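**Q** Sharing a structure with you now.
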Amino acid sequence: MRHIRVQMTPLDVRAELERAQTRGPGALVSFVGQVRELEAGEPILGLHLEHYPGMTERALEAIADEALKRWPLTEVVLIHRYGDIPVGEAIVLVLSASSHRRAAFEACEFLMDYLKTEAPFWKKTLSATGGHWVEAKASDDAARQRWEST
Amino acid sequence: MLTLRYFARFRETLQCEEERLESDAKTVAALMKELAERGGAWAQIFSEQSGVRVARNHEMVSFSTCLEAEDEIAFFPPVTGG
């Protein structure tokens, strides 16, 4: 089962976790990505997230399907925000559920590594002096590539 | 007729979000060459393949991908979500 959502409104992590827990998977691993106070050493007010409606949903579905193919998962949840997000708030929530912990742990990491390099989102910092587009990191490409040989 | 879309830094720099274009380009690479010939910011972005990502009809593709008449082609910098 996969649950994909792209939304502008704040992400209710607790509600999503509780919902997933009621289905009693055995092992549930979650990752929450939040807006940091500092971006490249500079204090920021938040991030603006742009995305490509239509392609975004399709890319997230493909990433979730790939995880469901690789591990015996009972559920995958991918929720990503767009628009203006203040410091401290959640940008993304990834949940992977399985009967046992190993599949859930591995799948959660896989989902994030793929999302970082495949899903069409772009971050721009919001700061008192304007803001700038965040550059992609080579380490994110490397993190994704390690799954290609497995 | 192709639909071309630009995102994030490309959209801002080119001051263009979307356009319709009649083009003889057979591949993504040929289309990029055509766009680079516009000069200025277009040349800066499209004369080199590094730093450019492309989607054809909502799917990431390589520069050698062939184009079809009614394709939606999107150009954007490497993604930074998550």
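**Q** Determine, yes or no, whether B:Ala25 is assigned to a helix (DSSP H, G or I) and away from chain A (no Cβ under 14 Å).
**A** no
**Q** Right, something else. Among the residues of segment B:1-22, count how many are open to solvent by 50 Å² or more (accessible area, probe 1.4 Å) and either acidic (Asp, Glu) or assigned to a helix (DSSP H, G or I) (or both).
**A** 7
**Q** What are the residues in segment B:62-82 that are outside any loop (DSSP other than H, G, I, E, B), more than 7 Å from chain A (Cβ to nearest Cβ) and crowded, with 18+ Cβ neighbours inside 10 Å, if any?
**A** B:Ile73, B:Phe75
**Q** Quick one: in segment A:82-124, of everything that is more than 10 Å from every other protein chain (Cβ to nearest Cβ) and more than 20 Å from A:Ala27 (Cα to Cα), which residue is surrounded by the most Cβ atoms within 10 Å (Cβ to Cβ)?
**A** In this case the residue turns out to be A:Ile85.
**Q** Which of the residues spanning segment A:125-135 are free of Cβ contacts under 8 Å to residues at least 12 places away in the same chain and facing another protein chain (nearest Cβ under 8 Å)?
**A** A:Trp133, A:Glu135
**Q** Here's another thing I want to ask about it. Sort out which residues of segment B:37-50 are assigned to a loop (DSSP other than H, G, I, E, B) and open to solvent by less than 30 Å² (accessible area, probe 1.4 Å), and write them in order of number.
**A** B:Gly39, the sole residue that qualifies.
The values are calculated or read from the model by the stated rules, or taken from the named source; none is laboratory data. For clarity, every value in this text was computed on a predicted model and none was experimentally measured. We place every Cβ from the backbone using ideal geometry, glycine too, and count neighbours over all the protein chains shown. For the accessible areas, the whole protein counts, side chains as well, though only heavy atoms, and no ligand, DNA or RNA atoms are used. Shrake-Rupley method; radii C 1.70, N 1.55, O 1.52, S 1.80 Å.
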